[in-house]
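Visitor: Right, I'll just put the structure down here and ask away after.
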Amino acid sequence: MGSLKNEEKIEVIAQDSKDAILYVNGVRKVLPDGLAHLTLLEYLRDVGLTGTKLGCGEGGCGACTVMVSYFDQNSKKCVHQAINACLAPLYSVEGMHVITVEGLGNRRFGLHPVQESLARSHGSQCGFCTPGFVMSMYALLRSSKSPPTEEQIEESLAGNLCRCTGYRPILDAFRVFAKSNDLLYTSGSVSLQEPRDGEFVCPSTGKPCSCGSKTVGGKETIQQTNVCHSDYKPVSYNEIDGSSYTNKEIIFPPQLLMRKSSYLSLKGSGGIEWHRPLLLKHVLELKARYPDAKLVVGNTEVGIETRLKKIHYPVFVSVTHVPELNVLSVNDGGMEIGAAVRLSELQKFLKKIVEERPSYETSACKAIVEQIKWFAGTQIRNVASVGGNICTASPISDLNPLWMASGAKFQIIDCKGNIRTSLAESFFLGYRKVDLGINEILLSVFLPWTRRFEYVKEFKQAHRRDDDIALVNAGMRVYLEEKDQKWIVSDACIVYGGVAAISLSAVRTKDYLIRKAWNKELLQHSLEILRQDIVISEDAPGGMVEFRKSLTLSFFFKFFLWVSYQMDGQDFFNEPVPKSYLSAVESFHRPSVVGSQDFEIMKQGTAVGSPEVHLSARLQVTGEAEYTDDTPMPPGGLHAALILSKKPHARLLSIDDSGARSSPGFAGIFFAKDVPGDNTTGPVVADEEVFASEIVTCVGQIIGVVVADTHENAKLAASKVVIEYEVLPAILSIEDAVKSKSFHPDSYRSLSKGDVELCFQSDQCHKVIEGEVHIGGQEHFYLEPQSSFVWTMDGGNEVHMISSTQAPQKHQKYVSHVLGLPMSKVVCKIKRIGGGFGGKETRSALFAAVAAVPSYVLNRPVKLTLDRDIDMMVSGQRHSFLGKYKVGFTNEGKVLALDLEIYNNAGNSLDLSQAILERAMYHSDNVYEIPNVRVSGSVCFTNFPSNTAFRGFGGPQGMLVTENWIERIAMEVKKSPEDIREINFLSEGSILHYGQQIQDCTLHRLWDELKKSCNFLKARSEVEEFNRHNRWKKRGISMVPTKFGISFTTKFMNQAGALVQVYTDGTVLVTHGGVEMGQGLHTKVAQVAASAFEIPLSSVFISETSTDKVPNASPTAASASSDMYGAAVLDACKQIKARMEPIASRKKHTSFVELVNACYFERVDLSAHGFYIVPDIGFDWGTGKGHPFRYFTYGAAFAEVEIDTLTGDFHTRAVDVILDLGFSINPAIDVGQIEGAFVQGMGWVALEELKWGDEAHKWIPSGCLFTSGPGNYKIPSVNDVPFKFKVSLLKDAPNDKAIHSSKAVGEPPFFLASSVFFAIKDAIVSARAESGCHGWFPLDNPATPERIRMACTDDFTAPFAKSDFRPKLSV
C-alpha cells in the first residue's frame, strides 16, 4: 500500500471536512475544535442535559446511558444503540444522533410510554438510576423490528444497576412491552388500552389486573385484598394525551442520512489529538506518523486507563469508519471478522451463521456467542470491538482463550501494507504484550469452521454473572476421530484465563491428550497433568488461589462430560454421562422474574393507606428531578478535588504543592492551617480532623483540597501534590486490634440476664458449643456519589449549601464549626438524594466542611462531587464484625445460655460505631427466648477509613451471629434449623436481655403464615428429591425470622419537627426535617397531610428539606422517619384544623378552598409548626436495663437456591417474604422497600466482598481498598433477582404505637436476605454429604462463588484445600 509520500495529504483531507456536528434530541449542534478531552457525558451535562447522570465514570452502573443513532452504510439502515456516555469520547459520536432521557417526554407535555410505565409501576425510588433504565429500554424498543421477548428485556438491562428497588418493579414496568403482550410498539403505533369500566387496577403495578379483588365496605376503611401475579396488560400511559407519542417520536435527522462522513482531525486540552480516518491507508499513514497512537473504537478500555489509571495518550485514531476493519464475511474455510467489529454486531452475525450453517461447523461460533452474552453490559458490547479486546491482552479476557482454543488466526498489517498472519495461540507474549510491531495494527480475525466431532466450549466464573470480569475463564477444543472402534483425540487445545499474566495454553495437557482414547482414564490423567500445567503462585494478584486452581480442574471435568454428552449415541462410544452427572453439563436457562404482592388496603381519609405512586416518580423518569450535582454552576464557580493520604498510618514530613499551583485552571489549595474555625469534628466525639495536620491514620484520609475551574483540572492539580511520609505500624483487622488491645476509648459495653456460668455448669445444658463468626462489610453504593455545593452570601456573612445528605443539621453544624460561624448563618438544603442507606448520615458532613473552607476563604461557590472510586475509598462502609459465641442447650435443641463477645471494625474514628455495636448487642437474641445471656462488645480502632451507618445499623450483624449458632445447634441435635428456631421463639410478655418486655408479638402468626404460603414441607421434599438425582447441582431452602427494634437508641434523637402552610387556593405546603432519598418519605408525609385536611393528595406539596425551615432535625435514619415526621405533620395539621373549627362549624362552605378563604378573611393563622417526641423510651447503660425501642417490626422469609457445586455459582429460585407493617400508610411503597432491602441484603450475604490491603490480601497495597468501583465490587444486578419473588404484608395487625397504626419498614426486611445465605449453606450440606463430610463447617458472608465452591469439598478441591478450608476475608 506504500507509505505516506508527503504529510500534506492528511491536511488536505482534513480541510475538506465540514463542521463536526452532532444532533442531540433532534437539535443540530456544532462541535468546536478543542474538545477531544471531553466525554459525551461531560458535554451533555455542560449543555444543561443533566438527566444523564454520572454514577461511576467507568461504564459499570448504566446511570449515564443514552441512545445513539447512526446510518449504517453497509446495511443502509439506521442503527439505534444504548451506550455509556461516561466512556464515549465526544468526537466518537460525531455525525450521530444522541437521544437523552429529556428527548423522550416530560411532565409538561406528556411522558413517553416507557417513562409512564416505569413511574406507575413504582419502578423509581431514589430516581438516580432511572434515566439510565429508561434509555436502555427505549434503545431496545427502537432497535427491535418486532416487540422484544422478556428475556431480551432482562438482557438489555444487564448494564444498569439499581440499589433501591430490587429490580422487580422495573422488570414489571418494562414487561408490558414484551412479545407476550402483543404490544406492537415498534410497528408504528402504540397499542393503548384503557381499563374497562369496573376493571380492577392493581395498586402495586398501576395496571389492569385480572387477579381480581374483594372489597369489604366499611364506614372509614376500604379493605382490598389482592395478589398480583404475572398477567400484565398494556394500559393508557399518559393522562395528558396517551396517543400522541408515535407522532412525536424523535426521528433520525434526514440531514444525517444525506451527510457523508468526513475525515476528522481535532484537538483537546493537554495536547490531545483526535483523528478519524475513513480508509485503511489513512490509518496506516497515521500509524507511521504517530507510532504510539492509540487506536480506539469504543474507548471502553482506554477510557478506564485514562480516567482511573491516569495514563496519558496524546494521539487517538478512531477506526470506526474504516470499511476494511469492519468486515464480516464467510468463505468455505471459516469467517473473517474485522478488528473494529463491535461485539454486539459479532454476536448477531454469529447467531445468524449458527442458524444457517451445519451444526457441526459452528461449535466455536456457539461458544463465542455464549461467552459474549456474559461479556460486560449491553452498552459496552454495543461499542467495544473485537480487536480492542484482543490487543488489550487482558489476562482475564473472556474471548482470547476462545480465539486460541478455536485455532483462530490474526491478520496483521504494517504501515507499508504488508500483511502477515499470526496464530492466536502465539500472539500473546506477556502481561498486556502482544505480537504487534510498533508499525503494525491488527486487521482481522479468521475463525475456522469446526469439523465433525470437533467440539469447542466456553467457561467463565465471575463474582456475578451479569456484567462482570472473570475470576477464571477458559476455552477448550477437542477433535475426535474413530480408530479401531475407539474414539481417539486427534487434536486439542485447552486455554485458561485468570491464571497467569496472559491467557495460558495448557501445553502438557494438550500433548498428553493427543492420540489417547476419550475415556475415564484420560480424564483422570489429564486432571493430574493439569495440576502441574497450570500453576498459580500463593501471592498471585487477585488472590483466591485455591479457588482458581480448583476451577481449572472443574472446567476440564465439565468439558469432558459435555463432549461425552455430545458424542452419546455414536457407534463405539462407550462413555455415557450418568444421569446424575447431567446437571454439570446442562446449560442453565433463567426464567423471567415473576413477582407477586399481597396486602390489604386500609384507607383512612383521602390518602392514608392508598398505594400511591412516589410523588417525584414522574420527574425522575423524565430526568427532570434535580440532584446536588445537577445544580448549575454560577459564574466564578469552582470545582474541588481532595488530596488524600496514600499510607494507612504515617507521619507527614513534607508537602510540596508547587506542581498544583502551576497547574491549568488552579484557583486555590487549602490545608489544616487554612481552616478559619476548628479543624476537629465528629458526630459523637470530636476525634476526626477535617484536614490531617501531622499524622494520617488511613489511606484516603483528607490532607487538603484543591479548587480549580473544572473538575478535571482540580483532580489534575491534586494529583501533582507531592507528600513525604514516615511510615508507622498499622492495624489492619479486628484480629490485630484485639491482639494489640486497640479499642476506641470507653467503648466497652455489656448486657446480661440470668446466670450464664451457673447454667453452663449445671446438668440442664446437655451440650455446649463454641465458635467464631466472621462477618464481612458492605459498600453503600448509593448511585449518586457524595456531593456538596457551597456558596457564600453578603460577602461571606452567610453560607448556604445544597448537599446530598441524610442529615442537613449535621452539615449545618460541621460547616459552622469549621468556619467559626454561628449556626444561624449557615443553611443546608436538600431537594432529594440519590440513595443514602446510612452512608450519607455522618460521613457526608465531612465533605461539606471540606468544600466550605475554600468557598468561604475565596468567597466563591465551590462544588465537591466525589468520583466513585474516591467515594468508596474514603466514605466508610458497613462494619465488619467478629462474633465469638458459647451456647448451652438441651438434647431437644432448647437454648439455655448464651455467652457472646462481639467486636466491630470502626476504622480510624468513632463516628457512630458505638451505637452500631450497641444495636448489634440488642439484636443478638434475634427472636429467641434465652434464659441466661451475657453479651459484651468492644469497638476496634483500625487504620481504615471510618466505617459508618448502613441499613440495619449493626442489627443484621448481631442477628447473623445468632442464626449461625442456631444452624449449628440443628446440626448437633440432628434436627432442621427451622425446628430449632420454632422451639426457641420468644412470645408475648417475654423479657429481653436488656429488660424490655415484648408486647403485641406477631411472630408466631407470621411464621405460620409463611410456612403455609411457601408450603415448606413440600419444598423440603422436592429439594431432597432433586439433590438425590443431581450430583453437581444442589438445592437448599431456609426460613429465617427477624425482630427489629424501632427508635434511635440515643433518646434525644427521637424528636421531629414540621412546618405546614395552607394557602388560599386550598393547596398545602409541607416542610419537615426528613430527607427524601427514595424511600417515599415525602409521599407518605403528604398522604398524612392530605388525609388530615380531607383533601386530595395532589393538593399537598413538599418542596425541599431546609435547616432554615425546620431546625435541629435528627438524621433521616433508623427507619423511624415516617413515624416521627408523619406525627409532627399531623400535629401541625391538627393545630390548623383546631383554628379553622369555629368557622368550619358554621357549615357555610362547600369546599376546602372556600373554608380556607373564609378563615383567611377572618385572620386565622393558616401556618403551624408541628412537633413530636417518641414516648416511653430510654435506656441506662449503667444498669444495662431499659426500654430502647418503641416497638418491634417482625418478619420472616423463605428462600430456595440452586448452586453449581463445581463453580460456586448460584441462583435464587424462590423467595417468599412476609412482614408485619401494621396498617401500612402506603403499601406499594412499603413493598418496594421490602424488595429493595431484601436484594440489598442478598448482596451483603452472597455477592459483595470488600477487599482491603491486609494480612489476608497481601497482593493489595497496605491499607488500600481494591474493590473501589463497579469493576471490582459487585452489587446485585437484574440477573440476581429471585425467579419467584413474593412479598406479603400481615393483615389485620394494627400497631397502636405509631401514626395511623403503621409500622416502620426501611431496615427490618434487610436481614431476611440471610434466608438466601442459609439456603446456600443447606445446599452445601447436601454437596458435602456426597463426599462423606457431615459435620459443622464455617461459611462466612458474603457466600461468594469462592466460598460456596470451596465448601463443596470434592476431588477437585482436595488437592488444594482441606474440607474445613476458610477463604480469607477482610474483617
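Table: residues versus (1) closer than 17 Å to Gly754 by Cβ; (2) in contact with a Pro (Cβ under 7 Å, 6 or more places away or on another chain); (3) surrounded by fewer than 17 Cβ atoms within 10 Å (Cβ to Cβ).
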{"position": "Gly955", "(1), (2), (3)": "no, no, no"}
{"position": "Leu960", "(1), (2), (3)": "no, no, no"}
{"position": "Asn964", "(1), (2), (3)": "no, no, no"}
{"position": "Glu972", "(1), (2), (3)": "no, no, no"}
{"position": "Pro977", "(1), (2), (3)": "no, no, no"}
{"position": "Asn984", "(1), (2), (3)": "yes, no, no"}
{"position": "Gly995", "(1), (2), (3)": "yes, no, yes"}
{"position": "Ile998", "(1), (2), (3)": "yes, no, no"}
{"position": "Thr1002", "(1), (2), (3)": "no, no, no"}
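Visitor: Just give me the residues in region 124-152 being crowded, with 24+ Cβ neighbours inside 10 Å and either over 21 Å from the mean Cα position of the chain (by Cα) or free of Cβ contacts under 8 Å to residues at least 60 places away in the same chain (or both), in sequence order.
Guide: Met137, Tyr138, Ala139, Leu140
Visitor: May I ask you to list the residues in region 264-304 that are in a strand (DSSP E or B) and out of contact with any Leu (no Cβ under 7 Å at 6 or more places or on another chain)?
Guide: Selection gives Leu264, Ser265, Leu266, Lys267, Glu273, Lys294, Leu295, Val296.
Let's see how each residue does on (1) open to solvent by 10 Å² or more (accessible area, probe 1.4 Å); (2) in a helix (DSSP H, G or I):
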residue	(1), (2)
Ile833	no, no
Ala848	no, yes
Ala852	no, yes
Met873	yes, yes
Gly893	no, no
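Visitor: Select from region 107-123 the residues that are in contact with a helix residue (DSSP H, G or I) (Cβ under 9 Å, 6 or more places away or on another chain) and open to solvent by 10 Å² or more (accessible area, probe 1.4 Å) and write down the one among them that is farthest from Gly1078 (Cα to Cα).
Guide: Among them, the one singled out is Phe109.
Visitor: Checking the conditions here, which among Leu104, Leu141, Leu157, Leu183 is touching a Phe, Trp or Tyr at 6+ places or on another chain (Cβ under 7 Å), modelled with pLDDT under 95 and at negative phi?
Guide: Every option except Leu183 fails the conditions.
Visitor: As an exercise: evaluate Lys1321 against (1) open to solvent by 40 Å² or more (accessible area, probe 1.4 Å); (2) over 28 Å from Ile1229 (Cβ atoms) and give the number of the one condition it does not meet.
Guide: Every listed condition holds for Lys1321 apart from (1).
Visitor: Could I ask something else about it? Considering only residues that are of a type in the set (Val, Ile, Thr) and open to solvent by 10 Å² or more (accessible area, probe 1.4 Å), look in region 1045-1070 and name the one that is farthest from the chain's Cα centre (by Cα).
Guide: Thr1064
Visitor: Here is a further query. What pairs come up if the first residue lies in region 513-528 and is farther than 19 Å from Phe1356 by Cβ and open to solvent by less than 40 Å² (accessible area, probe 1.4 Å), the second is among the small types (Gly, Ala, Ser) and modelled with pLDDT of 95 or more, and their beta carbons are under 8 Å apart, counting only those six or more places apart or on different chains?
Guide: Pairs found: Ile514/Ser490; Ile514/Ala492; Trp518/Ser564.
Visitor: So in region 562-600, with the set limited to residues that are open to solvent by less than 10 Å² (accessible area, probe 1.4 Å) and over 32 Å from the mean Cα position of the chain (by Cα), which one is farthest from Tyr167 (Cα to Cα)?
Guide: Among those residues, the one meeting the criterion is Met567.
Visitor: Every residue in region 275-291 that is open to solvent by 10 Å² or more (accessible area, probe 1.4 Å) and touching a strand residue (DSSP E or B) at 6+ places or on another chain (Cβ under 7 Å), please.
Guide: Of everything in region 275-291, those that are open to solvent by 10 Å² or more (accessible area, probe 1.4 Å) and touching a strand residue (DSSP E or B) at 6+ places or on another chain (Cβ under 7 Å) turn out to be Lys287, Tyr290.
Visitor: Could you tell me whether Lys673 is open to solvent by 50 Å² or more (accessible area, probe 1.4 Å), touching a strand residue (DSSP E or B) at 6+ places or on another chain (Cβ under 9 Å) and either at pLDDT 95 or above or acidic (Asp, Glu) (or both)?
Guide: Considered against the rule, which asks whether it is open to solvent by 50 Å² or more (accessible area, probe 1.4 Å), touching a strand residue (DSSP E or B) at 6+ places or on another chain (Cβ under 9 Å) and either at pLDDT 95 or above or acidic (Asp, Glu) (or both), Lys673 comes out as no.
Visitor: What do you reckon, is Lys603 among the charged types (D, E, K, R), within 26 Å of Pro664 (Cβ to Cβ) and surrounded by fewer than 21 Cβ atoms within 10 Å (Cβ to Cβ)?
Guide: Against the criterion (among the charged types (D, E, K, R), within 26 Å of Pro664 (Cβ to Cβ) and surrounded by fewer than 21 Cβ atoms within 10 Å (Cβ to Cβ)), Lys603 does not qualify.
Visitor: Something else now. Among the candidates Asp1364, Asp1354, Asp1292, single out the residue that is of a type outside the set (Gly, Ala, Ser), in a loop (DSSP other than H, G, I, E, B) and at positive phi.
Guide: Matching residue, one of Asp1364, Asp1354, Asp1292: Asp1292.
Visitor: I would also like to ask the following. Among the candidates Val1245, Val1201, single out the residue that is in contact with a strand residue (DSSP E or B) (Cβ under 8 Å, 6 or more places away or on another chain), open to solvent by less than 10 Å² (accessible area, probe 1.4 Å), assigned to a strand (DSSP E or B) and under 30 Å from Ala474 (Cβ atoms).
Guide: Val1201
Visitor: Going by the conditions given, is Trp449 in contact with a Cys (Cβ under 9 Å, 6 or more places away or on another chain) and aromatic (Phe, Trp, Tyr)?
Guide: Judged against the criteria, Trp449 is a match.
Visitor: For region 1215-1261, what are the residues that are within 16 Å of Leu161 (Cα to Cα) and more than 20 Å from the chain's Cα centre (by Cα)?
Guide: Listed by number, the list is empty, since nothing qualifies.
Visitor: Which of the residues that make up region 256-274 are open to solvent by less than 50 Å² (accessible area, probe 1.4 Å) and either aliphatic (A, V, I, L, M) or out of contact with any helix residue (DSSP H, G or I) (no Cβ under 6 Å at 6 or more places or on another chain) (or both)?
Guide: Leu256, Ser262, Leu264, Leu266, Gly268, Ile272, Glu273
Visitor: Could you grab me the full set of residues in region 713-750 that are in contact with a Leu (Cβ under 9 Å, 6 or more places away or on another chain), of a type outside the set (Lys, Arg) and outside any loop (DSSP other than H, G, I, E, B)?
Guide: Once the filter is applied, which keeps residues that are in contact with a Leu (Cβ under 9 Å, 6 or more places away or on another chain), of a type outside the set (Lys, Arg) and outside any loop (DSSP other than H, G, I, E, B), region 713-750 yields Ala714, Ala718, Ile723, Glu724, Tyr725, Glu726, Ile734, Glu735, Val738.
Visitor: Could you check, for region 1227-1238, whether at least one of its residues is in contact (Cβ under 8 Å) with a residue 12 or more places away in the chain and outside any helix (DSSP H, G or I)?
Guide: no
Visitor: Now for a separate question. Would you please list the contacts, defined by Cβ atoms under 9 Å and residues six or more apart or on different chains, that run from a residue in region 247-260 that is in a helix (DSSP H, G or I) and modelled with pLDDT of 90 or more to a residue that is charged (D, E, K, R) and open to solvent by 100 Å² or more (accessible area, probe 1.4 Å)?
Guide: Matching pairs, first to second residue: Gln255/Arg28.
Visitor: Report whether or not Ser1091 is modelled with pLDDT of 95 or more, open to solvent by less than 50 Å² (accessible area, probe 1.4 Å) and out of contact with any Asp or Glu (no Cβ under 8 Å at 6 or more places or on another chain).
Guide: yes
Visitor: Among the candidates Val613, Val608, which residue alone is open to solvent by less than 20 Å² (accessible area, probe 1.4 Å), more than 22 Å from the chain's Cα centre (by Cα) and within 27 Å of Thr1083 (Cβ to Cβ)?
Guide: The unique qualifying residue is Val608.
The values are calculated or read from the model by the stated rules, or taken from the named source; none is laboratory data. Here the structure is a predicted model, which is why all the values come from computation and not from measurement. Every residue, glycine as well, gets a Cβ built from its backbone with ideal geometry; the counts of neighbours run over all protein chains shown. Calculation scope for accessible area: heavy atoms of the full protein, side chains included, ligands and nucleic acids excluded. Shrake-Rupley method; radii C 1.70, N 1.55, O 1.52, S 1.80 Å.
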